[in-house]
Amino acid sequence: MGYNEHVGIDLHIHSIASDGTLSPDEILSLAPVQRLAAISITDHDTLEGSKAAQQIDCPSGVKLLSGVEISAAPPPFAPFSGSLHILGYGFDLDDSELNQMLLVLQEARRNRNPEILRRLSQLGFDITLDDIVREVGDGQIGRPHIARVMVARGFVHSINEAFDRYIGQGKPAYVDKFRIPCRQALDIVLGAGGIPVLAHPFLLNISNRNDLEHFIISLKEMGLEGIEVYYPEHPPEETRYYEHLAEKLELLMTGGTDFHGSLKPEIQLGTGSGNFHVPYRLYEQLMARLA
């Protein structure tokens, strides 16, 4: 292939179609600058970013893989308190069942926003949906966009403060959201010809490794084909454990930065906080499985 281990990939990227701040065009232009040979735009519960990227001429030396990050409801036996996200790769962007499922999730997100704003209003923060659209545009609005407006209005000093004090899970303006059952999310990605991958396992908050292994085994039995082993927030010892687990369970390994542009300024495309790297061979292994 002519690629070496110094050339990386980033298979977890958010655009303005969900809660990133760069357009698909800007992301593609940035990829070669960051020495990335393959990328995937994995917006939350929407294919708009991935579809837009497919219409753009890729820079020389950069490969583009269709992607999405799906909010999934854990099975009843799940031993954790964190959020379960399923990444999908290499699927047919026009698959009708996948698109229909994502429309349901997008509608649930839209219905959630007015309730968050109502709760913020009760706390003394007067923000309307029109205020958010003026600040961030009319893409898919979510909590990060609400947080940006809170910062712009001087209600909080940072996006992290908005989440930590008001709109994060368990905080006074938090509203839970509808999620697709885990098995259904896996089935639909597989049905669209794609590969379903467990996103950032560390963020599931499963402290016991045996519990994590048994949970991933159960997901594999439902159709899971990979683990996002490489992720900026994974401690090194956990990354090594996920590598071991993927090899033991014969699951693919993937990785990405979870890049959001200026919403997470400390995380850069491809390199995370500076020393993050996902080797190109993982993209080759992913493509071999798709083939």
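Consider Glu237 carefully, then state whether it is among the acidic types (Asp, Glu) and within 25 Å of Val62 (Cβ to Cβ). If you could, list the steps in order and put the result at the bottom.
Values: among the acidic types (Asp, Glu): yes; within 25 Å of Val62 (Cβ to Cβ): no.
The answer is no for Glu237.
Results for (1) of a type in the set (Lys, Arg); (2) farther than 30 Å from Arg35 by Cβ; (3) without any contact (Cβ under 8 Å) to a residue 60 or more places away in the chain; (4) part of a strand (DSSP E or B), shown as yes or no for each residue.
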residue	(1), (2), (3), (4)
Ser60	no, no, yes, no
Gly67	no, no, yes, yes
Ile70	no, no, no, yes
Pro76	no, yes, yes, no
Asp94	no, yes, yes, no
Arg109	yes, yes, no, no
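Leu30: under 16 Å from Leu64 (Cα atoms) and assigned to a helix (DSSP H, G or I), yes or no?
yes
Going by the conditions given, is Ile188 in the same structural domain as Val68 (by TED's automatic domain parsing), surrounded by 13 or more Cβ atoms within 10 Å (Cβ to Cβ), part of a helix (DSSP H, G or I) and of a type in the set (Val, Ile, Thr)?
On the way: in the same structural domain as Val68 (by TED's automatic domain parsing): yes; surrounded by 13 or more Cβ atoms within 10 Å (Cβ to Cβ): yes; part of a helix (DSSP H, G or I): yes; of a type in the set (Val, Ile, Thr): yes.
Yes, satisfied.
If we keep just the residues of the stretch 230-286 that are assigned to a loop (DSSP other than H, G, I, E, B) and acidic (Asp, Glu), which is farthest from the chain's Cα centre (by Cα)? Reasoning before the result, please.
Kept after step one, since they are assigned to a loop (DSSP other than H, G, I, E, B), are these residues of the stretch 230-286: 231-235, 249-251, 256-258, 260, 264-267, 269-271, 273-278, 280.
The next check asks that each one be acidic (Asp, Glu); those that pass are 233, 250, 258, 266.
Numbers: Glu233: 13, Glu250: 23, Asp258: 6, Glu266: 16 Å.
Ranking the candidates gives Glu250 first.
Which one is surrounded by the most Cβ atoms within 10 Å (Cβ to Cβ) among residues in the stretch 127-173 that are among the hydroxyl-bearing types (Ser, Thr, Tyr) and within 23 Å of Glu266 (Cβ to Cβ)?
Only one residue fits best here, namely Tyr166.
Pick from the stretch 111-124 the residues that are of a type outside the set (S, T, N, Q) and without any contact (Cβ under 8 Å) to a residue 40 or more places away in the chain: which of them is farthest from Ile16 (Cα to Cα)?
Narrowing the stretch 111-124 to residues of a type outside the set (S, T, N, Q): 112, 114-120, 123-124.
Then drop every residue that is not without any contact (Cβ under 8 Å) to a residue 40 or more places away in the chain, which leaves 114, 117-118, 124.
Working: Pro114: 20, Leu117: 21, Arg118: 25, Gly124: 29 Å.
Per the stated criteria, the residue is Gly124.
Do the conditions hold for Pro232, that is, is it surrounded by fewer than 19 Cβ atoms within 10 Å (Cβ to Cβ) and not polar (S, T, N, Q)?
Working: surrounded by fewer than 19 Cβ atoms within 10 Å (Cβ to Cβ): no; not polar (S, T, N, Q): yes.
No, not satisfied.
For the stretch 253-266, what are the residues that are surrounded by fewer than 20 Cβ atoms within 10 Å (Cβ to Cβ) and free of Cβ contacts under 8 Å to residues at least 40 places away in the same chain?
Correct list: Pro265, Glu266.
The values are calculated or read from the model by the stated rules, or taken from the named source; none is laboratory data. Note that the structure is predicted; figures quoted are calculated from it, not measured. Note that we place each Cβ from the backbone using ideal geometry, even for glycine, and neighbour counts take in every protein chain shown.
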